[in-house]
Amino acid sequence: MRKIGVLTSGGDAPGMNAAIRAVVRCGIEAGFQVYGIKRGYEGLIDGEIEELHRGSVGDIMQRGGTILKTARSKRFMEEVGFNRAVAMAEAFSLDAIVVIGGDGSMHGAVALSEAGIQTICLPGTIDNDLGYTDWTIGFDTAVNTVLEAITKVRDTSSSHERTTIIEVMGRSCGDIGLYAGLSGGAERVLVPELPVDIKEICKKIAMDSSKGKAHSLIIVCEGAAVKSADLAEEVTRVTGREARLVVLSYLQRGGSPTFKDRILATECGAKAIDILKINESESFAVGQLCEKIEAIPLKTAMSMKREFDEEKLELIDILSK
């Protein structure tokens, strides 16, 4: 009987619990013993590992966050901590580990794979910044959370005839801002992938105001070239129009996952078990490509870069005129 572990690592994302549920129940159905590793790689180092049963994952699909908890582990990146993690996996006789997380978590999975532990990665991150998959688990929920905030902020922004700047997550990938801005009617979206022209933004706000536009909405991803607070100050100074800043922060990570994230997480978890049933050594990354759940060799997946969709950004500009 194969023994497999499952962990969640890095930032939490809505849908992680659905992925855990699928891994546990499909794994048990396949005849595996499934062990939950708490607090990501930190828990692996410390041996926070316990066997999971069907009942262990009951009534969790609709819950945000992760029942296994999560953490970022500096110790795992150091030789002593990493070696201890490998020794702990061997002590529990884990044949493979399913890692649910983002880019940093995948790097950890590669290291485990090179140490002889088979790993299967599921794309658990709200940022949608992994090049090998069209969508990541949690992204759809995060965008819907931002969209709900935009809708509410727009009401008060219009009433007070002001410019509102909404800061969203996206340190290196602007997809949350891009999709929320396109579906929420933003005038501008500032992303990490492209430079920012503050003068052009102020000019547009002034021109829109002269045309009788009651309010303006600008979305700034946290990794953009200009800080959202600095932009708010500059807009107020140049245009004379009040600019308020709303920082959504960790609000974007919480909440019950949408049906899209639940399905993506469930199908990715099931695919991970399908791989482990037929392959006992190679490591893979699981994701969605062209509406199909696919498995890609882990190192190949890590080398794939995501291209930013500038056409959507141009469409936002056209629609806001």
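The values are calculated or read from the model by the stated rules, or taken from the named source; none is laboratory data. In this text, all values refer to a predicted model and were calculated from it rather than measured experimentally. A quick note on method: Cβ atoms are made from the backbone with ideal geometry, for glycine too, and the neighbour counts reach across all protein chains shown.
Observations
- Residue 274 falls short on exactly one of the conditions (1) more than 21 Å from residue 2 (Cβ to Cβ); (2) in a helix (DSSP H, G or I); (3) not aromatic (Phe, Trp, Tyr), and that condition is (1).
- Among the residues of the range 150-176, the one identified as of a type in the set (A, V, I, L, M), over 10 Å from residue 219 (Cβ atoms) and part of a helix (DSSP H, G or I) is 153.
- For the range 113-150, a residue qualifies if it is farther than 16 Å from residue 258 by Cβ, crowded, with 24+ Cβ neighbours inside 10 Å and of a type in the set (A, V, I, L, M), and the qualifying residues are 120, 122, 130.
- Against the test of being outside the structural domain of residue 192 (by TED's automatic domain parsing), at pLDDT below 95, of a type outside the set (Asp, Glu) and surrounded by fewer than 19 Cβ atoms within 10 Å (Cβ to Cβ), the options 209, 320 yield a single qualifying residue, 320.
- Filtering 20, 45 for residues that are closer than 27 Å to residue 250 by Cβ, crowded, with 20+ Cβ neighbours inside 10 Å, assigned by TED's automatic domain parsing to the domain that holds residue 95 and out of contact with any Lys or Arg (no Cβ under 8 Å at 6 or more places or on another chain) leaves a single hit, 20.
- Odd one out for residue 205, checked against (1) in a loop (DSSP other than H, G, I, E, B); (2) farther than 29 Å from residue 140 by Cα; (3) touching a residue at least 40 places away in the same chain (Cβ under 8 Å): (1)
- Any hit, the range 119-133, residues being more than 14 Å from the chain's Cα centre (by Cα), within 18 Å of residue 22 (Cβ to Cβ), in contact (Cβ under 8 Å) with a residue 60 or more places away in the chain and in the same structural domain as residue 22 (by TED's automatic domain parsing): yes
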